[in-house]
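Q: Got a structure for you, written out below as structure tokens; questions coming shortly.
The values are calculated or read from the model by the stated rules, or taken from the named source; none is laboratory data. Keep in mind that this is a model prediction, so the values were computed, not measured. Neighbour counts are summed over all protein chains in view; Cβ atoms, including those assigned to glycine, are modelled from backbone coordinates with ideal geometry.
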């Protein structure tokens, strides 16, 4: 059980600042997910914690120890790689045991630990097989078992599910969540998949261009995004972000529509964020709380439909719609809010106000 | 009908190629079983299975000793080449350091000079080291040709190994030596076998250095010994003995290739697919 503390951690590759400086505290037993678009520095940050990259500046602490200058093996971390990274010439047993063997653990302890980990991950029958004789899901289990036997203080996961097919991904995700409940170790998990991030995380760290955009529990990030980037990154389909003019609690939408928001301290130009699930199509009337849009395309999801609309000036808008009654494409519909769910961002993209 | 003709034509073409490739070696075998003046008649079949030439080769000079010399030199050269090549290739492929590119090119450049160009300089070097007429001198000088291609081929192979495996080993606590010998080496066997065999063949067949750096019959390696086989008079070249010796020394190579055949082919295709 150990906390991870990053203090002003900076990483540059030559002249390129990949991570310009990050402070982050990961609590003991916490599962923190780094999420962000590709190239945002999330994997680099994980590799800095692992010790596979050297920091350009700043300190990294794991538990009470400053591990900044320690080699990976002495940091008390285990890592699960996207490509599994099993040793192809060793069978499953020796793959799992390799780290313990290098640490000169006695043979009986090794055997006991390997079998325990194998039982936990249900790979006992595979111990004598080589990695190439295993399926992707089995390989990932072996990789996780290899991480477990080292009794790490921190587990590091680098997109561990990306190479698995959809069904296995869900199954392995649940397994990792279960592992998190079972072990005392902290976990740091990197992914670009927001569903993985939302479902697994105690806290999420949204990264963009090497900077932390927001840190917090998934629901908080979803309900109260700190800025336009987080607002647009989380949620599927993505939040509608409309350039508006605010005056007297009413937003003037692009294309001439108006939407009453009620009391708000914001005035002048701003960005209005509306989640597709917080919008609804109105049968008619109630012009006060609605604006018109042209229906362009409908995507059927089964339990709902994603309706793609355009405002009078061509600005796109998506609505998650739960009913059957829909006009034909090309028709005009009235759009309103399902409740007081909206977000306002100032001209710098920072959250100004909103009601979740 | 047309297909049959095509197949027959293809078969004929193959037959011609095979005969062209194998006939010289076959004729050497036939000659090695022939003695006396029969050698100067054309035989496509040995007139008699006469092992006299083989007995004379081993009887009239220390040919067994020569073979042992060659085996010793070639084996040590292969071992040193692979050991130095593997460790150097690891550094060149995986460790970032200043001057890595130029160093790789310099290694390649050493194999570009014709042997004769370095012969006299190398001779001085070997004499200064006191290794003249000593198998150690040959081993040292053969590394000049075997190391560049060993280093280059192994570097290319190590570059193609997934970086994550190396990183997983680092997290498992592997130091550089463990990494090279317990993680990389087992994955590199095909490349090691292929380069090792090539190095063995080069060292086994080398003539010029072996001729220059040895003096006594007992220190000679096989190619020189064969070239210096002489007959009863200076006007007689004992073709029978020469052929018997040549056939004898080809056998170890064939055996080696057969033993490592599967791994060799695996190495070739692995290299081909990975580029």
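Q: Name the strands (runs of 3 or more DSSP E) wholly inside segment A:148-259 in which the number of residues that are within 13 Å of the chain's Cα centre (by Cα) and within 30 Å of residue A:73 (Cβ to Cβ) is 1 or more.
A: Here the list reads A:154-158, A:186-191, A:203-208, A:211-216.
Q: Tell me the residue from B:47, B:24 that is touching a helix residue (DSSP H, G or I) at 6+ places or on another chain (Cβ under 7 Å) and farther than 24 Å from residue B:220 by Cα, please.
A: B:47
Q: With A:104, A:29 as the choices, which residue is away from chain B (no Cβ under 14 Å), assigned to a loop (DSSP other than H, G, I, E, B) and either surrounded by 19 or more Cβ atoms within 10 Å (Cβ to Cβ) or at pLDDT below 95 (or both)?
A: A:29
Q: Please tell me if residue A:191 is away from every other protein chain (no Cβ under 14 Å) and surrounded by fewer than 20 Cβ atoms within 10 Å (Cβ to Cβ).
A: no
Q: Is it fair to say residue A:110 is over 24 Å from residue B:162 (Cα atoms), within 23 Å of the chain's Cα centre (by Cα) and either at pLDDT 95 or above or within 11 Å of another protein chain (Cβ to nearest Cβ) (or both)?
A: It is false that residue A:110 is over 24 Å from residue B:162 (Cα atoms), within 23 Å of the chain's Cα centre (by Cα) and either at pLDDT 95 or above or within 11 Å of another protein chain (Cβ to nearest Cβ) (or both).
Q: Can you name the residue in segment A:63-91 that is in contact with a strand residue (DSSP E or B) (Cβ under 7 Å, 6 or more places away or on another chain), without any contact (Cβ under 8 Å) to a residue 24 or more places away in the chain and surrounded by fewer than 20 Cβ atoms within 10 Å (Cβ to Cβ) and, of all such residues, is farthest from the other protein chains (Cβ to nearest Cβ)?
A: A:66
Q: On to the next question. Being more than 12 Å from chain B (Cβ to nearest Cβ), within 30 Å of residue A:230 (Cβ to Cβ) and under 29 Å from the mean Cα position of the chain (by Cα) is true for just one of A:60, A:123. Which residue is that?
A: Result: A:60 is the single residue among A:60, A:123 that is more than 12 Å from chain B (Cβ to nearest Cβ), within 30 Å of residue A:230 (Cβ to Cβ) and under 29 Å from the mean Cα position of the chain (by Cα).
Q: Tally the residues that are within 14 Å of another protein chain (Cβ to nearest Cβ) and within 15 Å of residue A:156 (Cβ to Cβ), restricting the search to segment A:39-57.
A: Result for segment A:39-57: 10.
Q: Of the conditions (1) under 27 Å from the mean Cα position of the chain (by Cα); (2) surrounded by 16 or more Cβ atoms within 10 Å (Cβ to Cβ); (3) under 19 Å from residue A:241 (Cα atoms), residue A:305 satisfies every one except a single condition; which number is it?
A: (3)
Q: Quick one: which residue in B:42, B:16, B:73, B:30 is over 30 Å from residue B:159 (Cβ atoms) and at pLDDT below 85?
A: B:42
Q: Residue A:96 versus (1) outside any loop (DSSP other than H, G, I, E, B); (2) more than 9 Å from every other protein chain (Cβ to nearest Cβ); (3) closer than 18 Å to residue A:4 by Cβ: which is the lone unmet condition?
A: (3)
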